[in-house]
Amino acid sequence: MFNRLTDSLSNTFSKLRGRGLLREEDINEAMREIRVALLEADVALPVVKDFIEKVKAKSLGEEVVKSISPAQMVVKIVHDELTAILGGDAESEINLNANPPVVILVAGLQGSGKTTSCGKLAQYLKTKKNKKVLLASLDIYRPAAQHQLEILAKQTGAGSVEIIEGQKPAEITKRAIKQARTEGFDVLILDTAGRLHIDEELMKELKEIETLAEPTETIFVADSMTGQDAVNIAKEFSNQIKLTGIILSRMDGDARGGAALSIKSVVGCPIKFVGVGEKISDFEPFHAERIAGRILDMGDVVALVERAKENFDQDESEKMMKKIQKGGFDLDDMMKQIKMIEKMGGMGGLASFIPGLGKFKSQIEEANIDKNILKKQVAIIQSMTKQEKRFPKVLNGSRKRRVAAGSGTSVQEVNVLLKQFMQMSKMMGKMKGLNPAKLNNMAAVKNLFK
């Protein structure tokens, strides 16, 4: 997400850094470029105007102009203001502070990813918050909508309200609340009906359900791919019912990001979650400060650690650590590390989390580095014998040709992999013989995953 905006802002800040001391003309030029970048990212004009005014006023302050590194001060100001328009982190937490069952009402237009987002939210609350979740579909209009939510409930291990043909949304709501109370559910998620457009009937139904359910959270699902249309529709909903938060779906496909940067200022309620892929687990809490860091190519190390933790096998890691200390690092171990990179989203998926690599994300994805390199490397290693994986030096010319043929690659690609392995082995070799007490830095890293 935000690929184009990140590229544009990176170019602007590179020019500022190259000028040393900043004059007013330099800051004015930078503000013009930032303004264009935000508008091209489909950010609402009033939001852009307000943002530029605040950043410019602070950037022209004496503290910045006379600073040792004024360009870096401007970057910090932009980061802080981006965090502010994204909503800040304090408001983005989902509110579960109520007597159970906590009712979450989910609204949105048909096709926005509303039902899928309900399933993802149930999965998140179950796995991350340890909550017992019940799902109820109030969509009696869209064919198979209720069955779709029932399937998602089974996938996530959540409960679902029985489908009774002919019942009205209000009747289903009452039955869902009763079931949630009697069966001891912590959270009840109500998936309301959507339409292809906003109409009087839809709003009347939503208001009735809102009155009956008295939800703790009323969340609107907006398709970020529709840009400012998503913001405008959310605004219309907020005029009719009391929205408390936003879920932005399909953020992985939005190269501009205008909806994310506009919606808090225009609608007045924070983004709570973002959908970042098709899998049920591709769902993240929204952290304004961390997203601002990604936009400015500062990375998001905290998110990287969290993602690693989810894919991290501690027992396997400890076994590998012992092997490294004994000097036993081999190609099987390298393959495990490659597979972990794939599970964490591949090089393209990780680029935005690593400071300085965000601007290369699009090039990495366009070049299909994940498919053309990581998967090929796994295939190369899998085409080797146990002896070759353990002792790569036995790989002579004829063996390399056999491995290349078996993996559908070339001898040159086999040689590139072996060169990378040798470089990794040298690094691992420095740890050989060290006792755990001396591996202070590694221990600190391991503690992050506990």
Notebook entry, point to check: Looking at the range 57-72, is at least one residue under 20 Å from Glu289 (Cα atoms), at pLDDT below 80, surrounded by 15 or more Cβ atoms within 10 Å (Cβ to Cβ) and not acidic (Asp, Glu)?
Noted result: yes
Notebook entry, point to check: Is there a residue being part of a loop (DSSP other than H, G, I, E, B) and either farther than 16 Å from Gln146 by Cβ or not assigned by TED's automatic domain parsing to the domain that holds Asn130 (or both) anywhere in the range 163-180?
Noted result: no
Checklist line | Residue among Ala213, Ala170 that alone is at pLDDT below 95, of a type in the set (Gly, Ala, Ser) and buried (at least 16 other Cβ atoms within 10 Å of the Cβ) | finding: Ala213
Item checked: Of residues in the range 216-256 being outside any helix (DSSP H, G or I) and in contact with a Leu (Cβ under 6 Å, 6 or more places away or on another chain), the one surrounded by the most Cβ atoms within 10 Å (Cβ to Cβ) -> Ala222
Notebook entry, point to check: What number of residues in the range 257-295 are closer than 24 Å to Thr218 by Cα, surrounded by 17 or more Cβ atoms within 10 Å (Cβ to Cβ) and small (Gly, Ala, Ser)?
Noted result: 8
Next item on the list: Evaluate the following for Ile263: is it free of Cβ contacts under 8 Å to residues at least 60 places away in the same chain and in a strand (DSSP E or B)?
Entry: no
Notebook entry, point to check: Which pairs have Cβ atoms under 6 Å, sit 6 or more apart or on different chains, and link a residue in the range 373-400 that is farther than 14 Å from Val414 by Cβ to one that is among the β-branched types (Val, Ile, Thr) and at pLDDT below 90?
Noted result: Leu374/Ile338
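The values are calculated or read from the model by the stated rules, or taken from the named source; none is laboratory data. Just so we're clear, the structure is a prediction, and the values are computed from it rather than from any experiment. Quick reminder, even Gly has a Cβ in these numbers, built from the backbone with ideal geometry, and neighbours come from all protein chains shown.
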